[in-house]
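Below is one structure, written out as structure tokens; comments come after it.
Every read-out reported here was derived from the displayed coordinates using simple, explicitly stated rules and does not represent laboratory data. Here the structure is a predicted model, which means the values were calculated and not measured.
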Amino acid sequence: MEVILKQDIAKLGFTNDIITVKDGYARNYLIPNGLATLATPSAKKVLAENHRQRAHKEEKIRKDAMILAQAIEASELTITARVGESGKIFGSITSQQVSDALKAQANLSIDRKKIEIKGDSIKELGSFTATATLHKEVSATIQFKVVAE
């Protein structure tokens, strides 16, 4: 079943994308929760017209995302964590802590849901990378160090 997404959904698509999903997933989850609409021929025509009108605005948003990506990649973050005697940290470093460090140290506001840390979780000291998806065409690599308090 083809549907048009109303908002970005991780690992599925971005706003206004026409995607094909299983019928039950569309009827029982996406459409009732307001995440998507049915991709009828008239809805596709309306979407095409909206795309033409938004092309100019979208280019500005993409340029702003590119500037933000350059600022993120130029910043050097340091995240402090409590460390046990064996050198492992208590808990783990999450995307929320990376987002907070970006806000505090580089004055850049990125939603934690747009940050993906490479690997399962960070439970030790060292240098790591994460990826921030700022736009469907723009992503930035975040370099950060985890140090002891």
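Each of (1) 1.26; (2) 1.05; (3) 1.32 is a candidate for Cα Rg over 2.2 N^0.38 Å; the one calculated from this structure is (3).
Where does helix 41-74 land angle-wise versus the long Cα axis of the chain, in degrees 0 to 90, nearest 10? With both axes taken from Cα atoms, the answer is about 20 degrees. For ASN16, nonlocal amide neighbours, meaning residues 5 or more places apart or on other chains whose placed amide H falls under 5 Å from its own, are LEU5, LYS6, GLN7.
Taking the Cα atoms of segment 68-148, the ratio Rg/Rh between the radius of gyration and the Kirkwood radius comes to 0.97. What shape does segment 1-71 have by the C-alpha gyration tensor, where a ≥ b ≥ c are the square roots of the eigenvalues, rounded means a/c under 1.5, and otherwise prolate means a/b greater than b/c and oblate the rest? The shape class here is oblate.
Summed over qualifying helices (DSSP H, 4 residues or more, each -39500 (n - 2.57)) and divided by its residue number, the chain shows a 222 nm mean residue ellipticity of -9500 deg cm²/dmol.
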